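This report concerns only the one structure given below.
The values are calculated or read from the model by the stated rules, or taken from the named source; none is laboratory data. Just so it is clear, the structure is predicted and the values come from calculations on it, not from any experiment. When we count neighbours, we look across all protein chains shown, and the Cβ atoms used for this are built from the backbone with ideal geometry, even at glycine. Side chains included, ligands, DNA and RNA excluded: accessible areas come from the protein's heavy atoms. Shrake-Rupley method; radii C 1.70, N 1.55, O 1.52, S 1.80 Å.
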Amino acid sequence: MRFRFAGIASLNVLIASAAAFGASPALKPFERGTWQGVIRGHAGRPVLVHFWGVTCGPCKVELPLLGQFAKDHPDIDVVTVSADLVPNLPAATQSMLDKAGLSSTENFIFNDGFVERLRFEIDPAWQGDIPRTMLISRDGTITTIEGSAEIADLEKWSAQQFSKH
Amino acid sequence: MIRTSLLALVALALALGTALAQMRAPPASEAACEEPTLRCATKVTPAFGPDGTLWLVWMAGGQISVASSQDTGRSFSPPTQVTTKRLNLDWGPDARPKIVVDRKGGIALAFSIFRDEAFNGQVLYTRSADGGKSFAELKPITANNESQRFEALALDQDGTVLAAWLDKRNRVSAKEAGRKYEGAALFFASSRDGGATYAEARLAHEGTCECCRLGLAFAAPGRPAVIFRNIFEGGVRDHAVMTFTAVSTPGEIRRVSNDDWQINACPHHGPSLTIGPNGTYHVAWYTNGKTRKGLFYAHSRDEGRTFSVPIALGRLDRSPTRPFVLSAPAGTVMVWKEFDGEKTSVQMTISRDDGQTWSPPKAIASTSDTSDHPLLVSNDKQTYLSWMTKADGYRLTAIEDQP
C-alpha cells in the first residue's frame, strides 16, 4: 500500500509539474527550500544568481548581456530565477532566456504563491525589486547587486574568484 | 495486480484532480481559486459611497467585478461583472483596479491590462450610472497605443474625476531621435461627467519610475496632488510630489526626501499620499537608498514644498512593506505589512495631532499565506483596514481607538 500511494503521489506531482511547466520543461520550480538547495548544490564554486522578471524593463536590457557573460565564463555557475510575483508565464520566461542565450544555464521560476516567504528565505531585506544579482564566492560570501549589474563589475568579481587559487 | 489497482486509483485521482482543478487555483498562484468571485480575488479596492454603502472592486479569475455592502463588509450584494471575458489583467505587484463613487452614486472604475506579449499596458475605464447594476462598455483612457499602467483615480468636490497614470508614449520619439529613454512619464486626464468620458491625456512630468503605484489626492478643490517615484539626476529613484495649480495645469515637482536610491530596476513598491482637511500632506514610502532604507513617513504643511524629517516605520528585521496612510476625522492612520518568516501581519499606528506624533505600532491582522496590500478606507465615522488574504478571504476591520 505504501508503495502504491507513493506511486500515486509521485504521479500527481509529475502531472502537476507538467501542467505548470508543460511549455518549458527546462525551467525548474523555485519553491520553499529551493534557495538552500541552490546554495548547497553549488557549494565551493563561484555562482552568479540573477533574479529577473518578464515585465521588468531594465531586466530585458540586462538579460542578453548576462547571456554573453555566461558564455564567456563557463567556469562561473550562472543561475537565473524568474521572480515575478505571479509565476504563471513559463513560456514567456523561457522565450526571453532563449533569446538572451541563457537556455542552458540552471533556470528557475518562482512557483509558490507566497512570494514574501520565498524572498525572506533568500534575503529578508529584499522587497522584490528586480533585477537583482547575488554573487556567491567559493567561500560562500554573498555580494548583492541591486538593479542592473555592470558587466565590468561582474568581470572584476569573476577575476577575483580565480586569482585566489 | 498491484499495477492494475494502481492504474485504477490513478484514474480516480486524475478525475478528482480535474474536478478540483476547475475550482482551485494551483498552489503557485496568489489566488485561492480561479473563479471571478471575491473569495478568489488577489486585489481588492474599497470605497465608501455618500450614503455609507461600501463598494469593492476586485480582480479574480482574469475578470473585474464590483459588489456593495450595507453592513460594513459583513455581507455583500451579488457581484456585477464589469468585464465580459477573461482579460490579461495587469498583475504587477502594485497594480489594482481603482474605484471612486461620486455624490450622486455614480461609480467610476479604471484598471490596466497587458495588451501584448511585451507586457505593454493599457488603462481601461468604465462607469455605472445605475448604482452598480451595470457598467458601460470598457474604453481605453487614451487613444495612444504605446503603454500605460499604474492608473490612479481621485474625485474632486465638484464631481470631477481625475485619472493619472504612467505612460511610455514618449519613448517612441526618443528612440527615433536616437535618445535613451528611461522610465516613463506621468500623464493625466480629467472627466467632467463622473468618469463617463475623459478629456485628452496630457503630460504632467517626464522621467518617472515605471513600475510603482501612484498616490493621488485633492489638496483643495481643483488642486490635485500626486506622489510618485521619480527618476532624479544620476538615476536616483526617490519620491516627488506635484501639486497641480488647476485640474488641467500641472505644477512643479518637489522632492519628498533625499533617500539617494540609485537603482536601475523596478522596485514594484509605490508610495501613499493623503491630505488632511487642513491641507497637511501625509506621505509614506519605501526606499532602499544610501541615506535610508525601509518604510518612512513624512508630512508637509506647505503643499509639498518642504517635508518633515522622515520617520522610520516598522521592524527592519521583519521586512516592512506596502505602507498606506489615510487622514480621517478620527485621526491619521497608517498601516503596513511585516513578515516574520511564517506569517504576515498588518501593523497600524495612529496620529491625533496631524502627524506630529504616532501611537506605538500594533498588529491588527495577520495571515499565514500570501496577501494583497493593506488599504485604509473611511466613512464619516470610522476608518477601516481593507485587506484581501489568500487564506482567510476578504476582511474589513474597524481601526479601534487607541488610548
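Averaged over the residues of A:112-125, the number of partner chain Cβ atoms lying within 10 Å of the residue Cβ comes to 6. Dipole magnitude for region B:201-306: computed about the Cα centre from +1 point charges on Lys and Arg Cβ and -1 point charges on Asp and Glu Cβ, it is near 200 debye. Peptide B:264-276 is shielded by partner chain Cβ atoms: per residue, an average of 4 of them sit within 10 Å of its Cβ. Ordering B:S351, B:P374, B:V333 by the projection of their Cα atoms onto the charge dipole of region B:317-403, which places +1 on the Cβ of Lys and Arg and -1 on the Cβ of Asp and Glu, puts B:P374 at the extreme positive end. Other residues whose C-beta falls under 15 angstrom from the C-beta of A:G37 contribute a net charge of -1, scoring Lys and Arg +1 and Asp and Glu -1.
Seen through its C-alpha gyration tensor, with square-root eigenvalues sorted a ≥ b ≥ c, region B:314-388 comes out oblate because a/c lies at 1.5 or above while a/b is not bigger than b/c.
At 7 Å along the Cα-to-beta-carbon direction for both B:R103 and A:S104, put a label point, then send me their distance in nm to one decimal. So the two model labels end up 7.0 nm from each other. Using the Cβ of B:R213 as centre and a radius below 15 Å, the other residues enclosed give a net charge of +1, where K and R count +1 and D and E count -1. Computed from protein heavy atoms with a 1.4 Å probe, the total accessible area buried between B and A is close to 3300 Å².
Can you send over the carbon and sulfur percentage of the accessible area for the protein assembly as shown, probe radius 1.4 Å, protein chains only?
Numbers: 12830 of 23740 Å².
Looking at the protein assembly as shown in its full context, I get 54 percent from C and S.
The aspartates and glutamates whose alpha-carbon is closer than 17 Å to the alpha-carbon of B:K85, local same-chain residues fewer than 8 away aside, are B:E34, B:E35, B:D116, B:E137. What you get for region B:31-208, charging only the Cβ of Lys and Arg (+1) and of Asp and Glu (-1), is a dipole of about 160 debye around the Cα centre. List, in order, the whole-Hz ³J(HN,Hα) value for each residue of region B:359-366 obtained from phi through the Karplus relation with A = 6.51, B = -1.76, C = 1.60 and θ = phi - 60°; use x for Gly and Pro. Residue by residue, region B:359-366 yields 5, x, x, 9, 6, 10, 6, 8 Hz.
Using the empirical formula 2.2 N^0.38 Å as the baseline, the Cα radius of gyration of chain B reaches a ratio of 1.00. Per residue of B:329-336, other chain Cβ atoms within 10 Å of the residue Cβ number 0 on average. Shape annotation for the protein assembly as shown: C-alpha extents along the principal axes are 71, 61, 53 Å, from largest to smallest.
Rg/Rh for region B:218-257: what does it come to with C-alpha atoms and Rh from Kirkwood?
1.05
May I ask you to list the GluC sites (Glu not before Pro) in region B:159-241 that are in a DSSP loop and have at most 13 other Cβ atoms within 10 Å of their Cβ?
Here the sparse-neighbourhood loop sites are B:E200, B:E233.
Mean separation of Cα pairs under 8 Å and 6+ residues apart, divided by the residue count of chain B: what relative contact order is that in percent? Relative contact order comes out at 9 percent. Annotation: peptides A:142-150, B:41-49, B:160-168, ranked by per-residue average of other Cβ atoms within 10 Å with the highest first, follow the order B:160-168, B:41-49, A:142-150. Per residue, the protein assembly as shown exposes an accessible area of 42 Å² to a 1.4 Å probe, with every protein chain left in place.
Explain nothing, just the number: dipole magnitude of chain B about its Cα centre with +1 on each Lys and Arg Cβ and -1 on each Asp and Glu Cβ, in debye rounded to the nearest 20. Intermediate values should be presented prior to the final figure.
Values: 45 positive and 42 negative charges, 93 e Å.
Roughly 440 debye for chain B.
When only alpha carbons are used to place a centre, region B:292-327 and region A:49-105 end up 34 Å from one another. Global dimensions of region B:183-226 from alpha-carbon coordinates: Rg and Dmax equal 11.8, 32 Å. List the trypsin sites (Lys or Arg not before Pro) in region A:120-165 that DSSP assigns to loop (not H, G, I, E or B) and whose Cβ has at most 12 other Cβ atoms within 10 Å. Which are they? Those satisfying the criteria are A:K164. Of B:K337/B:K362; B:K98/B:K180; A:K156/B:K175, which ones are farther than 21 Å apart at the Cα? Beyond 21 Å between Cα atoms: B:K98/B:K180; A:K156/B:K175.
Taking a ≥ b ≥ c as the square roots of the Cα gyration tensor eigenvalues, with a/c under 1.5 meaning rounded and otherwise prolate when a/b beats b/c, else oblate, which class fits region B:268-403? Oblate, because a/c is 1.5 or more while a/b does not exceed b/c. Largest to smallest in accessible area, the residues B:K337, B:K85, B:K290, B:K390 fall in the order B:K290, B:K85, B:K390, B:K337 (1.4 Å probe, all protein chains included).
Rounded to the nearest 500, what is the 222 nm mean residue ellipticity of the protein assembly as shown from helices alone, with -39500 (n - 2.57) per DSSP H run of 4+ residues and division by all residues? Computed mean residue ellipticity for the protein assembly as shown: -6000 deg cm²/dmol.
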